[in-house]
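Values quoted throughout were computed directly from the atomic coordinates according to the rules given, and no laboratory measurement underlies them. In this text, all values refer to a predicted model and were calculated from it rather than measured experimentally. So basically every Cβ, Gly included, is an ideal-geometry build from the backbone, and we count neighbours across all protein chains shown.
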Amino acid sequence: MRANKPGTKILVDGGDPDQTLQIKKLIGFVDGQTTNPSLIAKNPEVQQLLASGHRLNTEEQKGAYKKIVQRISPLVGTAGVSIEVFADLDTTAEQMVAQGQEMFSWIPNAYIKYPCTHEGLRAAHVSVEHGIRVNMTLCFSQDQAAAVYAATRGSKEPVYVSPFIGRLDDLGQNGMDVVRNILRMYQAGDHHVHVLAASIRHLDHLLFSFALDADLATVPAKVLEEWAAQGTPLPDDSFVYHGIDSKGQHLKPIAYKELDLNAPWESFDVRHELTTKGIKQFVADYESTLRKTA
């Protein structure tokens, strides 16, 4: 099967190379892949180790991550494989950059994921100067996306920013509005930052990402399987995104803000409760695979 190919690049959101291959066979292509500590912890081989009672030390965990992304790398296209650094709320930019430089050497099509925090933005600012491709993850606001643009200005490589839709929906806010607002804001810029719609929960999220002309969308396998089962539809002019939560309630709109992309990146308020929560969750999932130390 060869799916109807949207203008939006499609990435698989997962940590299992076998699943990536299955999706590629199902829809005929995969442009890229995003990974994170939670997805790597769910990898079948890692889960098998944990079920046997084995816990990894930090080097083994890094080795497992490297092995997984090296298997995924040749399966995907030009959108590459996003590899996330291990960062908690106290990790410095320098520590992130050191990890990012090593991870970037693992595969030829790597993007390094840093969180949309002050230290993550500092890490991105340094990394792009050294030619490292970055994907700024756990983005939940237009302000964070403006800071990403400013911090990575002058990058010779594409920069990704990943607004998380579903987690905003969970708060009763219309996460798709953040994707739309960032795309609108970036129209005034130089297009070095590409918008990657993330935390996609259902087919309407995916179809509206296509309708908005998001540069990329990272999608769980189950949503891509549903898209394939429905004949890989693309939205036409009659498509309407209703913004309804799981209880049938309308999601609260998120208003567009006029922000100056030429302002210093440090001037934007990049704090967001969901970014903090996401970092804590990734740390917990990463630590769940680790051997306890005395």
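How much length, in nm to one decimal, is gained on full extension between Trp106 and Glu94, taken as 0.36 nm per residue of separation minus their Cα-Cα distance?
2.4 nm
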| said: Counting C-alpha atoms alone, how compact is segment 1-124: give Rg to one decimal and Dmax as a whole number, in angstrom. | reply: 15.3, 47
| At 222 nm, what helix-only mean residue ellipticity would the chain give, in deg cm²/dmol to the nearest 500, using -39500 (n - 2.57) for each DSSP H run of four or more? | -12500 deg cm²/dmol
| field | Ranking of His272, His202 by count of other Cβ atoms within 10 Å, fewest first | value | His202, His272
| Karplus (6.51, -1.76, 1.60) ³J(HN,Hα), θ = phi - 60°, over segment 75-84, in Hz, Gly and Pro reported as x | 7, 10, x, 6, 6, x, 10, 8, 10, 9
| note | If every Lys and Arg gets +1 and every Asp and Glu gets -1 at its Cβ, then about the Cα centre segment 29-81 yields a dipole, in debye to the nearest 20, of 80 debye
| task | Can you give me the three principal axis dimensions of segment 44-178 from its C-alpha atoms, in Å, biggest first? | result | 44, 39, 34
| query | Between segment 225-294 and segment 108-145, what's the alpha-carbon centroid distance in Å? | reply | 16 Å
| said: If you restrict to DSSP beta bridges whose two residues both lie in the chain, what percentage is antiparallel, to the nearest 5? | reply: 5 percent
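As an exercise, identify the trypsin sites (Lys or Arg not before Pro) in segment 137-186 lying in DSSP coil whose Cβ has no more than 12 other Cβ atoms within 10 Å. Mind showing how you got there, number by number?
Details: sites: Arg153, Lys156, Arg167, Arg180, Arg184; in loops: Arg153, Lys156.
Sites meeting the loop and neighbour criteria: Lys156.
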| Under 23 Å from Lys280, Cα to Cα: lysines that are on another chain or at least 8 residues apart | Lys42, Lys62, Lys66, Lys113, Lys292
| note | Compactness check, segment 126-202: C-alpha Rg relative to the 2.2 N^0.38 Å globular estimate gives 1.09
| request: Let me know the whole percent of all Cα-Cα pairs from the chain that are separated by more than 35 Å. | output: 14 percent
| Cα atoms only, segment 1-73: Rg and Dmax in Å? | 14.1, 45
| segment 62-129, Cα convex hull volume normalised per residue, Å³ | 82 Å³
| request: May I ask for the net charge around Ala255, where only other residues with Cβ less than 14 Å from the Cβ of Ala255 are counted and Lys, Arg are +1 while Asp, Glu are -1? | output: +1
| task | With the cut-off at 14 Å, report for segment 178-250 the share of all Cα pairs above it, as a whole percent. | result | 64 percent
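Restricting to DSSP loop positions (anything but H, G, I, E, B) with no more than 10 other Cβ atoms inside 10 Å of their own Cβ, which trypsin sites (Lys or Arg not before Pro) remain in segment 186-263?
Loop-located and lightly packed - Lys247.
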| remark: Around Phe210 (Cβ within 15 Å, Cβ-to-Cβ, excluding Phe210; K/R +1, D/E -1) the net charge comes to -4
| note | In the chain, taking the dipole from +1 charges on Lys and Arg beta carbons and -1 charges on Asp and Glu beta carbons about the Cα centre, the listed residue (His130, Phe86, Gly63) farthest towards the positive end is Gly63
| field | Proxy reagent accessibility, fewest Cβ within 10 Å first, across Lys42, Lys9 | value | Lys42, Lys9
